[in-house]
Amino acid sequence: MSQKQALQGAADEARKAARAAREFAGILDEYAKLITQPNSRQKADDVHLSAMNKLRIINEGLAVCQKWGEEARKAPQQQQEAAA
């Protein structure tokens, strides 16, 4: 894999994580509104679960970004070794 491909993969995953983070912020805002309303506790619990799932997606995306970044750092060495 070339350095360019690895960096593009990292950028794609970063964009996905950023989109999920924006969604996560909206979910947290909804949760904050619901948690103080006694009649909405079940809905608040459901929203909390949704927030936790979105956070898992963000964490997985960040882990993939790190993997792609490591690949990009290795790519120049691999290309030099292949040329030798």
- Please state the Cα pair-distance histogram of the chain with 10 angstrom bins from zero: what percent is in each bin? 19, 30, 21, 15, 9, 4, 1
- Note on the structure: Counting only protein heavy atoms and rolling a 1.4 Å probe, one gets per residue an accessible area for the chain in Å² of 72 Å²
- Task: Could you check how much of the accessible area of the chain is carbon and sulfur, as a whole percent, using a 1.4 Å probe?
- Result: 54 percent
- Using only alpha carbon pairs under 8 Å that are at least six residues apart, calculate the relative contact order of the chain and give it in whole percent. 54 percent
- By how many degrees, 0 to 90 and rounded to 10, does the Cα axis of helix 41-83 deviate from the longest principal axis of the chain? 10 degrees
- By how many degrees, 0 to 90 and rounded to 10, does the Cα axis of helix 3-35 deviate from the longest principal axis of the chain? 10 degrees
- Within region 39-67, which residues have the backbone N less than 13 Å from the label spot 7 Å out from residue 1 along Cα→beta-carbon, could you tell me? 63-67
- Query: What accessible surface, in Å², does a 1.4 Å probe find on residue 12, ignoring ligands, DNA and RNA and rounding to the nearest 10?
  - Reply: 70 Å²
- Query: Under a point spin-label approximation (7 Å from Cα along Cα-to-Cβ), what is the residue 43-residue 62 distance to one decimal in nm?
  - Reply: 3.0 nm
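The values are calculated or read from the model by the stated rules, or taken from the named source; none is laboratory data. All values reported here derive from a predicted model rather than from experimental measurement. Backbone-built Cβ (ideal geometry, glycine too); neighbour counts: all protein chains shown. Heavy atoms of the whole protein, side chains included, go into the accessibility calculation; ligands, DNA and RNA do not. Shrake-Rupley method; radii C 1.70, N 1.55, O 1.52, S 1.80 Å.
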